[in-house]
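Asker: If you scroll down you'll find the structure; I have some questions about it.
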Amino acid sequence: MRPRPSGPPGGQPGADLRLLIPAVAGWVASATTLGWNPAWRIAAAGGSLALAVGCARTGRRGALCGWRVPVWVALAAAATSLVLLASGSHALIREAGPVAGLAGQRSVVVAKGLVASEPVVRSGRTGQNAVLRVVLTEVSGRGRASSVRTPVLVLGDEEWGGLRWRERIEVRGRLEPAEPGDEVVAVLRPLSSPRVVGRAGAVARGAEHLRSGLREAAAPLPADARGLLPALVIGDTSRTPDDLTEAMLATGMTHLSAVSGSNVAIVLAVALAAAAVLGLGRRLRPFFALLVLTGFVVLARPEPSVIRAATMGAIGLLGLSQSRRAAGIPVLSAAVLVLLVLDPWLSRSYGFALSTLATLGLLLFVRSWGQAIGARLPRRLRSWGPALAIPVAAQAMCAPVVVLLQGSVSTVGVVANLLAAPLVAPATVAGVAAALVASLWQPAGTALCWAGALPTLGIARIARVFAEVPGGTLPWPDGRPGALLLAAVTVVVLLSARWVVHNARVHPVLAVSVLFLVAAAATPTSTLTWPPPGWRFVACDVGQGDALVVATTPGHAVLVDTGPEPSAVDRCLSRLGVETIDAVVLTHFHADHVDGLAGALDGRRVLEVLATPVRDPPHQWQQVQRVLAPRGIPLREVYAGDRLVWPGATAQVWWPARRIAAGSVPNNASVVLTVHTGGVDALLMGDVEREAAHAILLALRRDPSMAQAARGLDVVKTAHHGSSNLDEGLMEAVRAPVAVVSVGADNDYGHPAPRHLEVLRRNGFATYRTDQRGDLAVVPSRSGVAVTWLGR
């Protein structure tokens, strides 16, 4: 007899988990083998198929594999074979042609291609940067022209931000290899402006017309609503303020600022309700909802993330249905396999993992948890139980993956999402309606946007308030060990929750005592003990930038760079009790090193500002002058060989000795100095790149005093936030016990680069990063130096 899914009494079906294991097996196999040679993947698919057939046959005879076990093994092996075959086939097709070889040679090519994703425009140190995917259709390089169909990642300037989805373009650029397992074959760095050679199709142009109408209609809204409303509806986050993005990340609400399964479920629910109002029969309503969903996908762009969200949202709505709930998990499992067959690179997508886990949590827990929550609410509010259970279930399932993204655990995420959940539906509905109406009559679209602005402003307010809650995020081990640890903790909590609740009722005094003990142990004490006694050097967590504090005398310090945001450096200095700044050293004039200057100066006595003599970029140098002039603070330029003396600290300037035209001129003009403060010797490297770093290495070899200083270093603040553009010889010459990487979480540059971290590891540095640990303090100890951190 075939095993039947178990279910609760009363005739209602329970969860059918039989297809879940094959789906997980296929997912793991795909993620593990993406970096393999395509032929190896196809060979592994053949082996898995042979295993599936063998187990199925022995299972029918009841021998070798045993009873029932062969069914599970055969299904898992078959799913693995299917996914690996699709993965290998996709790789063979996309890697066909000369693009991979040209990228390996870093060749300059002339290419034509199809814009496959919306350009993502970000503000960088050198202006606006755009990132987008393009499917190359023709490529000419090394004297050969070929027709291809190869995806590449384009890293362009602000001109590329004006391109539209599905346009055909021509460009001249340099190809570079992509990382193994990436969803693109190569990286294209343009050497010319893009030339549009073909318009998008009618459907794509219609979708863009609707999207542009929504953006224009939302333009008069306040900043938070202007950025968040298009993000909810069409996944356009280009206008979302950076501080709001950070707040939503800290509170676990980033899924709201993109097209997610919850948005799709809302659209489907509204479509089904509208079908009922229109008098459509039950059999026609799903088709009407499917038609609406298709239109929504076209509006949001049928990119992999949107297709994924549409699939998961439809399955989530199915899971909430009373009559079809039992089909939820089998359909989810089948959908995972189908999506992986269509796009194997989804197996390494954090978004895909989050959507799938959130949907699985909804299917597994919302019904039972909703009933349990509803039973404890007043009678009139019991129907709210499932709604309250949805964010709790999603948070529980997604937490291990979120740890991989932000290296911390949010203690306020569930509450923040509970409060925001009722606001998502009206904002999404108003935004979709505004997109449709604005294309016909913009004033009416703007009015609808104002209706959607109220809930979006509420969502933004919730994110900002909860992001500032003390202890709202707790540090957690980073990487795979941290994710596995949190997954284990989550499983233990889920399995022991009923037992804990029962014993808490039986022994309330003991339960309260244990609760207070756990709370006391878990409460972060860093804010009470910060800064650590005797600190001599602190790297402030100011995001993607530098702000380094060198202690001189009590209440006094030297500040090296000011970060990109005035409030961030101001908070760091206030926490350290710095009232007088003996000197501000501006290593160079990029925004992520000087834009926070006003925050450092306000409310503090500043004696002087020291800076590189290279006034590039000019507009940033002029901005610094505008900040300093009203305060009457002098600015003095420093050069290699200068010795700086303050009470309690000294410094020796190693660079700049000259202007270097190669690479980034401002970065290679960075002030590099060694600092001696209270028994701690530190090298602060600014943003120097390979050219300036090698010049410093040559100077170090010539100058015995520099070489002696290099041998006695305790700390190295590595260059350029962990960029791969470094000189390995210099890093070997200045090796020290501790390396500090000042870098922003989830930055757009991929910092710190794996190569940078590998160089540090190979040279024996113990590496500490501000994106993982927050403010970093160096304190002298008997064995050298100790590093403590505030936490993020």
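The values are calculated or read from the model by the stated rules, or taken from the named source; none is laboratory data. Here the structure is a predicted model, which is why all the values come from computation and not from measurement. We place every Cβ from the backbone using ideal geometry, glycine too, and count neighbours over all the protein chains shown. These area figures cover heavy atoms from the full protein model, side chains too; ligands, DNA and RNA do not enter into them. Shrake-Rupley method; radii C 1.70, N 1.55, O 1.52, S 1.80 Å.
Asker: Ranking request for peptides 777-786, 357-366, 23-32: highest mean number of other beta-carbon atoms within 10 Å first, then the rest in descending order. Could you put the intermediate results ahead of the total?
Answerer: On the way: 777-786: 15.8, 357-366: 24.1, 23-32: 21.5.
Order by mean packing, descending: 357-366, 23-32, 777-786.
Asker: Give me the Å³ per residue figure for the convex hull around the C-alpha atoms of region 186-298.
Answerer: Cα-based convex hull of region 186-298, divided per residue, equals 195 Å³.
Asker: Then there's this: How big is the equivalent ellipsoid of region 366-498 along its three axes, where each semi-axis is √(5λ) from the Cα gyration tensor, reported in whole Å from largest to smallest?
Answerer: Working: eigenvalues 221, 90, 34 Å².
Square roots of five times the eigenvalues give 33, 21, 13 Å.
Asker: Something else now. Kindly provide the pair-distance distribution of region 674-771 built from C-alpha pairs, with 5 Å bins from 0 and whole-percent values in order of increasing distance.
Answerer: 3, 14, 25, 27, 18, 9, 3, 1, 0
Asker: Another question about this same structure. Can you compute the radius of gyration and Dmax for region 430-501, using only the Cα atoms, both in Å?
Answerer: My reading of the Cα-based Rg and Dmax gives 21.5, 59 Å.
Asker: Shifting gears a bit: Estimate the FRET efficiency between residue 650 and residue 108 by the formula 1/(1 + (r/R0)^6), using the beta-carbon distance for r and 60 Å for R0, to the nearest 0.05.
Answerer: Using R0 = 60 Å, I get an efficiency of 0.80.
Asker: Could you work out the relative contact order of the chain? I mean the mean sequence separation of Cα pairs under 8 Å and 6+ apart, divided by the number of residues, in percent. Spell out each step's value before the answer.
Answerer: Details: 1582 pairs, mean separation 64.9, N = 792.
About 8 percent, as a whole number.
Asker: Now a separate question. Report the Cα centroid-to-centroid distance between region 155-202 and region 367-390 in angstrom, as an integer.
Answerer: Answer, in whole Å: 50.
Asker: Between residue 748 and residue 371, 0.36 nm times their residue separation minus their Cα-Cα distance comes to what?
Answerer: Details: separation 377, 0.36 × 377 = 135.72 nm, distance 4.30 nm.
Net length gain for the segment: 131.4 nm.
Asker: Just to confirm, what accessible area per residue do you get for the chain at 1.4 Å probe, in whole Å²? Don't skip to the end; give the middle numbers.
Answerer: Details: 36580 Å² over 792 residues.
That works out to 46 Å² per residue.
Asker: A follow-up question, please. Consider all pairwise Cα distances in region 352-408 and report the whole-number % of them above 16 Å.
Answerer: On the way: 725 of 1596 pairs.
In whole percent, the long-distance tail amounts to 45.
Asker: Would you work out the Kirkwood radius for region 554-655? I mean one over the mean of 1/r across all pairs of different Cα atoms, in Å.
Answerer: 13.7 Å
Asker: Charges at C-beta only: +1 for Lys and Arg, -1 for Asp and Glu. How large is the resulting dipole of region 739-785 about its Cα centre, in Debye rounded to 20?
Answerer: Values: 6 positive and 5 negative charges, 70 e Å.
Its charge dipole is roughly 340 debye.
Asker: What is the set of long-range amide H partners of residue 409 at a cut-off below 5 Å, with H atoms built 1.01 Å from backbone N?
Answerer: The answer is 474, 476.
Asker: Pop out the carbon and sulfur fraction of the accessible area of the chain as a percent, whole number, probe 1.4 Å. Numbers along the way, then the final one.
Answerer: Numbers: 22530 of 36580 Å².
C and S fraction of accessible area: 62 percent.
Asker: Something else: For region 704-747, how big is Rg over Rh, using alpha carbon atoms and the Kirkwood form of Rh?
Answerer: Radius of gyration over Kirkwood radius for region 704-747 works out to 1.03.
Asker: Restricting to DSSP H runs of at least four residues, report the calculated mean residue ellipticity at 222 nm for the chain, -39500 (n - 2.57) per run over all residues, nearest 500 deg cm²/dmol.
Answerer: Details: 28 runs with 396 residues, N = 792.
-16000 deg cm²/dmol, from helical runs alone.
Asker: Above 52 Å lies some portion of the pair distances; for the chain, what is it as a whole percent of all C-alpha pairs? All intermediate terms of the calculation are to be shown ahead of the outcome.
Answerer: Values: 60670 of 313236 pairs.
Result: 19 percent of Cα pairs exceed 52 Å.
Asker: Another question about this same structure. How many nm separate the modelled label positions at residue 157 and residue 567, each set 7 Å beyond the Cα in the direction of the Cβ?
Answerer: In this crude spin-label approximation the distance works out to 3.2 nm.
Asker: Can I ask one more? Between residue 382 and residue 441, what is the FRET efficiency for a Förster distance of 35 Å, r being their Cβ-Cβ separation, to the nearest 0.05?
Answerer: On the way: r = 43 Å, r/R0 = 1.23.
With a Förster radius of 35 Å, E is 0.20.
Asker: Return the percentage of antiparallel bridges among DSSP beta bridges fully within the chain, rounded to the nearest 5 %. Each step should come with its number before you reach the end.
Answerer: Values: 72 of 98 bridges.
So the antiparallel bridges in the chain amount to around 75 percent.
Asker: Could you check the simple spin-label distance between residue 502 and residue 216, using points 7 Å along Cα→Cβ, in nm with one decimal?
Answerer: Between residue 502 and residue 216, the label points sit 6.5 nm apart.
Asker: First select every other residue whose beta carbon is under 11 angstrom from the beta carbon of residue 438; then total the charges, Lys and Arg +1, Asp and Glu -1.
Answerer: Details: positive: 211, 215; negative: 216.
Local charge sum for residue 438: +1.
Asker: Ordered by packing density, taken as the mean number of other Cβ atoms within 10 Å over each peptide's residues, highest first, how do 332-338, 714-720, 570-576, 272-278 rank? Spell out each step's value before the answer.
Answerer: On the way: 332-338: 21.3, 714-720: 25.3, 570-576: 19.6, 272-278: 13.6.
Taking the mean over residues of other Cβ atoms within 10 Å, the ranking is 714-720, 332-338, 570-576, 272-278.
Asker: Here's something else I'd like to know. List the extent of the Cα atoms of region 524-585 along each of their three principal axes, largest first, rounded to whole Å.
Answerer: 27, 27, 16
Asker: Rounded to the nearest 0.05, what FRET efficiency is calculated for residue 298 and residue 636 with R0 set to 45 Å and r the Cβ-Cβ distance? Kindly include the intermediate steps, with their values, before the conclusion.
Answerer: On the way: r = 59 Å, r/R0 = 1.32.
Computed FRET efficiency for residue 298 and residue 636 comes out at 0.15.
Asker: What area, in nm² and to one decimal, does the C-alpha convex hull of region 745-792 cast on average over all directions? Don't jump to the answer; show the numbers that get you there.
Answerer: Numbers: hull surface 15.9 nm².
About 4.0 nm², averaged over all directions.
Asker: Going highest first, how would you order 177-185, 98-106 by mean Cβ packing within 10 Å? Working shown, then result.
Answerer: Working: 177-185: 16.1, 98-106: 18.0.
By packing density, highest mean first, the sequence is 98-106, 177-185.
Asker: Further, regarding this structure: Using all C-alpha to C-alpha distances in region 624-688, build P(r) with 5 Å bins and read off the rounded percent in each one.
Answerer: 4, 16, 19, 19, 19, 16, 6, 1
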